[in-house]
Amino acid sequence: MKFSKALKLLRIWRGEAIELLQNHPELGTFNVKEDFEISDEQYYLLYKNFSDWGECKVSTYNGYYNNEYNDIVPEEKYIRTQKKQIELGLILQCRDNGKYAPEYFGVLIGFFGDKIYYFDKEADFDIPKYQLVTFIVDDNDPNKALYVTDIDKYEIVSHEGNSFKRPDGLYCDLTEWNAMIRGIPFIGMSRHLSCLYFPAKQEHTDLYYEKVLNDTYIDAINLHYYSKALSFIPKLEVSDIKNKINSLKNYIDGFDYKKVIDSYRVIEDGYLQRRVGRDDHFNMTTTRTVETNDSYIKSLLPIGEEKSYYALNSYEENYNYVNEEATKEEKEVALKKYDRDEHLAFLLKEYIDGHYEVAQTLSEFDIRLKQIFNLEKFRSRVKALYFYQYYKSVVTRYNNNEPIH
């Protein structure tokens, strides 16, 4: 038999098809020109339009050889996507209070502080306050959130390789569909488009809710992930500063500053650049370097690179040499400036400033994220930041812009 039929049935890459034939010669032989005229594209998706639904049939590669039909029969998975309004929210309350005071509800706030939502939960379901989450508004109750999910449970999926244009005009690629096969929540990221995908199982079909992210959504998600990355840096304690001082003292005691400064060089470099139809340029670069990562030593020397050029019509000789005079003068200035106590103070300040900048940045990210959700508006109307058994009434009155007592 020819292999082209099985190739199209399995919708696999050309290279993988060849490898499969090499491992399973019982499937027959193939003719390169006849069987592989298709290009190296992904043959994973088949779509049918049904109003706002899109359906795709995806091979999972778990195909098997059927002797009766003399063909490959793949296992297939059906995935449907629907443009459902997936929203971002900040948790206001979602606590596990233990067995003596269990809570079976939570409350979150949506963008711009215009609405708050309640949601049902298990007693031991706990998400920290002000954690970013996704949710879907209940079709039967505009004040109720469904599928509340911590944003940290989403995987980031980047586009790899060629993309397919779907009937709805969006693009997807193999990595996104592999995530759908696994049935996980994920964020599909690309340079041109980012989408949220949330799985909601149905009896015979894997259903995915899908939302194209606008700039506000992307800003909120980015702020969250930037904060999370910085949060792994521990806060600075007094004991940390004490240990750092001892460490720096030992470092400076063994530091041969004269040897390090002696590695300083001022290098002059010049070369002719031919420019067809325009004036030729003679490019000149002065590079100052020192063989150390010590920031204090670098502060004593004019480290860096300076570039300049001039147009010329005559011939110039290229050059590259160490400017001994400038090197010597700048070394001598650095040696006179060096101070051991200042060296210690400089590096200690650098250490403390680094932690302070992290703390400041975290605070700025936190403020910006809360501004997106307009928590000040919420606090101006809801004085008590804890919801009790009348939470549904508070949520309804807030959303209807009614007085809250």
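The values are calculated or read from the model by the stated rules, or taken from the named source; none is laboratory data. In this text the structure is predicted, and so the values were computed from the model without any measurement. So basically every Cβ, Gly included, is an ideal-geometry build from the backbone, and we count neighbours across all protein chains shown. Each accessible area value is taken on the protein alone, full model and side chains, heavy atoms only, with ligands, DNA and RNA left out. Shrake-Rupley method; radii C 1.70, N 1.55, O 1.52, S 1.80 Å.
Taking a ≥ b ≥ c as the square roots of the eigenvalues of the alpha carbon gyration tensor, the range 245-336 is prolate, as a/c is not under 1.5 and a/b beats b/c.
Just so you know, the Rg over Rh for the range 205-273 is 1.35, from Cα atoms, with Rh as the Kirkwood radius. Among the protein heavy atoms, those of ASP150 account for about 30 Å² of accessible surface (1.4 Å probe, every chain in place).
DSSP loop chymotrypsin sites (Phe, Trp or Tyr not before Pro) in the range 276-368 with at most 14 other Cβ atoms within 10 Å of their Cβ, which ones? Within the range 276-368, the qualifying chymotrypsin sites (Phe, Trp or Tyr not before Pro) (loop, at most 14 other Cβ atoms within 10 Å) are TYR315. Annotation: peptides 125-132, 110-117, ranked by per-residue average of other Cβ atoms within 10 Å with the highest first, follow the order 110-117, 125-132. Rolling a 1.4 Å probe over the protein chains gives CYS94 an accessible area of about 0 Å². In plain terms, the chain from ALA345 to ILE303 could stretch by 13.0 nm, reckoned as 0.36 nm per residue minus the Cα-Cα distance.
Say the cut-off is 30 Å between C-alpha atoms; which of LYS259/LYS307; LYS144/LYS235; LYS121/LYS377; LYS242/LYS370; LYS235/LYS331 go over it? With Cα atoms farther than 30 Å apart: LYS144/LYS235; LYS242/LYS370; LYS235/LYS331. Note that the range 390-398 has calculated 3J(HN,Hα) couplings of 9, 4, 5, 5, 4, 4, 5, 5, 4 Hz, one per residue in order, obtained from phi through the Karplus relation 6.51 cos²θ - 1.76 cosθ + 1.60 (θ = phi - 60°); glycine and proline are x. Here the accessible area is traced with a 1.4 Å probe on the protein chains. For the range 295-405, carbon and sulfur cover 50 percent of it. In terms of accessible area, using a 1.4 Å probe and ignoring ligands and nucleic acids, ARG288, ARG379 rank largest first as ARG379, ARG288. A convex hull fitted to the Cα coordinates of the range 309-405 yields 286 cubic angstrom per residue. The ASP279 and LYS129 beta-carbon pair, evaluated with R₀ = 56 Å, returns a calculated FRET efficiency of approximately 0.30. Full extension of the segment from ILE352 to ASP256, taken as 0.36 nm per residue of separation minus the current Cα-Cα distance, would add 32.1 nm.
Against the criterion of solvent-accessible heavy-atom surface with a 1.4 angstrom probe, HIS355, HIS224 sort, most first, into HIS355, HIS224.
In plain terms, the chain from ASN214 to ASN243 could stretch by 5.8 nm, reckoned as 0.36 nm per residue minus the Cα-Cα distance.
Here, the range 220-379 has an Rg and a Dmax of 24.2, 74 Å when only alpha carbons are counted.
Which trypsin sites (Lys or Arg not before Pro) in the range 197-258 pass both tests, a DSSP loop state and at most 13 other beta-carbon atoms within 10 Å? In loop regions of the range 197-258 (DSSP not H, G, I, E or B), the sparsely surrounded trypsin sites (Lys or Arg not before Pro) are LYS235.
Rolling a 1.4 Å probe across the protein heavy atoms gives the range 351-401 an accessible surface of 65 Å² per residue. Along its principal axes, the range 343-394 has C-alpha extents of 63, 21, 14 angstrom, given from the largest down.
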